[in-house]
Amino acid sequence: GGCLIGSVFDVPRSIIITDILPPPPDSVSTPKVFILGTEGLEARIKVIEKRTNGKVTYLGTRHSHPCGGGPSGTDEKTAMRLVFVRNYEPTVCLIWTPEGVVQI
């Protein structure tokens, strides 16, 4: 799992992912659970935003379901929280599965 970094464009309606940050050191990652930590994340995002004059920012999260399956209840709740944290800006939550990538 980790964080998606990129830009949102109103016209055309699109999101460009430019980087994937590794999970912060306080993240929890097991074959059945991924919990994205926060240690140092805000500072790292602020550096990215400053270097790009705010054109590149935190977009959301990514993780995998190696055994397949769609979004869990936790995934759905996380996606809703991220929309709030991102001030209702377009947000991306991606899940890699053996069947393909699922967007929440």
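Summary of values
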| quantity | calculated |
| --- | --- |
| Kirkwood hydrodynamic radius (C-alpha pairs) into Stokes-Einstein, the range 1-75, 20 °C and 1.002 mPa s, D in µm²/s | 157 |
| Accessible area of the chain divided out per residue, in Å², using a probe of 1.4 angstrom | 67 |
| Between the range 7-69 and the range 81-104, the alpha-carbon center distance in angstrom | 10 |
| In Hz, Karplus ³J(HN,Hα) per residue of the range 92-104 (6.51, -1.76, 1.60; θ = phi - 60°; x = Gly, Pro) | 10, 10, 10, 10, 7, 10, x, 7, x, 8, 10, 9, 8 |
| Apportionment of accessible area to carbon and sulfur, the chain, percent (1.4 Å) | 58 |
| Over 17 Å [Cα-Cα, the range 39-104], rounded percent | 50 |
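The values are calculated or read from the model by the stated rules, or taken from the named source; none is laboratory data. None of these values were measured; they are calculated from a predicted model. Heavy atoms of the whole protein, side chains included, go into the accessibility calculation; ligands, DNA and RNA do not. Shrake-Rupley method; radii C 1.70, N 1.55, O 1.52, S 1.80 Å.
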